[in-house]
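What follows is a short report on a single structure.
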């Protein structure tokens, strides 16, 4: 990292700028840190290029598409502002060196390292191609090295941000020596072009030389088109795969999936030589030692004098952060919740198949109540109501409905509310259809969506285009960021912070970190792994697919006397691991993450789940250590729905109250989605489950919002909100 120039900005969006990572003809790459502490590589485009309307169109399109790329080995776009005077985007920061620096320092890599490198980069390119993108600039400088594998950067953005343009008309984009013959000739560029470039990168990694030499650009282009690649020194075991990549005819090259399979092999030990691993560790430690930035807590705008607030959100839980005392919340709380719920229940006509509830009938002209009609605000609820995640979707629907009923029955509220629901079945296609419906309905001012990661991915772009605010209560994917998206929980990476504290303070043995090979598994375990390495804690990592046999892994944990096993993955994989560890005789601590907080884990694991500890962002409203307001909510939920409040019902209830709070605090007789969008992220709110506060720039949750559970007697037992509550 290099010092900032006097002309570099101190802040971009929600990121404090710390230094320069690089620069090119079209912009500069800066190191930024959010108020939540996350590091990002922020790419700032020069304003003169942003004035080109064609550039803006490409930039918007490619940022939207790039957000759909999900691969452990591709660095995701986490934030962007395509409309700023100087557009910018932020990607997750990887502290390791680029492949070009590693080869310059250590020379060619061992054959096993190159094989591992090629298989992971082929997998990353497969994800890029599946998203409808062509990278166009696969080169050593765009491959970063981390302790667990390589990372491909700049996917999907190369056309808009490339700083090595070989013609004035942008017909040829790429880096000489690593581009394909069709790129060199200005021809059609598709996925096979990226495979050719990857072949060049692998030859370079194996030998330390460019396969088409160096020198003047024209000479390198000529050799790329007409000469055979120089593969002398490439190990025999790698030569067939690399030679196939370097075929002059695009149709003769393997696909990304075929190349990945050809290079796949087990990697039981470190994938890089010790000297390079030490370099990565040193750079990671430097980043972790950067000075902290004091967070700024945004508060809601002041509300005009009016009726006292009757929202239960103003009754702070005893063990949650202090309630908001900003000018935006000056009204005293009053214990009217049960009265209001009873009034709401008395006026409702409910049906099991109803898809919209219109409240506030007594306030209409001709109704039973006095006074003029209050405006009605529609809130969309998009959830998996009939698919594999229907338990979460229905819980959120019922919690949101309870909030809508309560708010609409409260005569002190300036609005009545309507809940419109859409069943997306947890799949991308139905989710996109639901998003189109809500986006086209001008009465819908915000959406609570969605309950499956694939569904969230599919709807961010249409909601962004419509300027429709989106809140999510259970999705924490680190790549889900847009100007309309607000996450109501800590993301997948930062839920592991208390685990690091626990392992550092309470455990002295080695830790085995296991992920299931999914984006979720990588996001949850990567932060933990890097933090433990920086703290020089004994640790090993393993990747095992959820449906694979976990027996070998369990026996290895016992053989190496791993004191702690941490699983980053879903409930079915966790159940398999629990059974395998129990059968192998493992007696150490086992920890799990958010996704395991699911009844399926208890059913599938049975007795082998006993004693597991897990971190979750959802509160059990009926549990003894739960906040008092959560238990009061559970009582009201039982009265309305005839049973205990399931997980995520309280969070959806909070989401509706948060939206109502924002609408009320605006102090306007009419509120639209455009009014809520800038207000939502600047509002702090005390809900029944947790306190809510957000980064203004990207909607990231900045509160505590974590709960710790232990599996005991076949159920999840809530321990509390601090890792100190975990058993010794």
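What follows draws every value from the coordinates through simple rules; no lab data is involved. What you see is a predicted model; the values in this text were computed from it and never measured. Backbone-built Cβ (ideal geometry, glycine too); neighbour counts: all protein chains shown.
Computed over the stretch 189-286, relative contact order equals 30 percent, with contacts defined as Cα pairs under 8 Å that lie 6+ residues apart.
Our note on the geometry: Cα centres of the stretch 437-476 and the stretch 237-262, 40 Å apart. Sorting 68, 151 from the fewest to the most surrounding beta carbons within 10 angstrom yields 68, 151. The alpha carbon gyration tensor of the stretch 617-728 gives principal lengths a ≥ b ≥ c with a/c of 1.5 or higher and a/b no greater than b/c, which makes the shape oblate. Separation of the stretch 671-728 from the stretch 116-158 is 34 Å, based on Cα centroids.
Taking other Cβ atoms within 10 Å as a rough exposure proxy, 472, 243, 684 sort from fewest to most as 243, 684, 472. Normalised by the number of residues in the stretch 11-288, the average gap of Cα pairs under 8 Å and 6 or more apart makes the relative contact order 19 percent. For the stretch 1-144, the spread of Cα positions along the three principal axes, ordered from largest to smallest, is 47, 35, 31 Å. In summary, the stretch 11-288 shows an alpha-carbon radius of gyration equal to 0.97 times the 2.2 N^0.38 Å reference for compact globular proteins. Prolate is the label for the stretch 455-501, because the ratio a/c of its alpha-carbon gyration tensor axes (a ≥ b ≥ c) is 1.5 or higher and a/b is greater than b/c.
Between residue 411 and residue 638, the contour length at 0.36 nm per residue exceeds the alpha carbon distance by 79.4 nm. Each label was represented as a point 7 Å from its Cα along the Cα-to-Cβ direction; for residue 222 and residue 443 these points are 7.2 nm apart.
Could you work out the percent of alpha carbon pairs in the stretch 239-279 separated by over 12 Å, rounded to a whole number? The calculated P(r) of the stretch 239-279 puts 68 percent of pairs beyond 12 Å. The simple spin-label model puts a point 7 Å past each Cα toward its Cβ; for residue 555 and residue 11 those points are separated by 5.7 nm.
Counting neighbouring beta carbons within 10 Å and listing from fewest to most, the residues 139, 411, 690 come out as 411, 139, 690. Shape call for the stretch 386-476 from the C-alpha gyration tensor, a ≥ b ≥ c root eigenvalues: rounded (a/c under 1.5), prolate (a/b greater than b/c) or oblate? Cα axes put the stretch 386-476 in the oblate bin. Here the calculated FRET efficiency for residue 255 and residue 111, from their Cβ-Cβ distance with R0 = 22 Å, stands at 0.45, rounded to the nearest 0.05.
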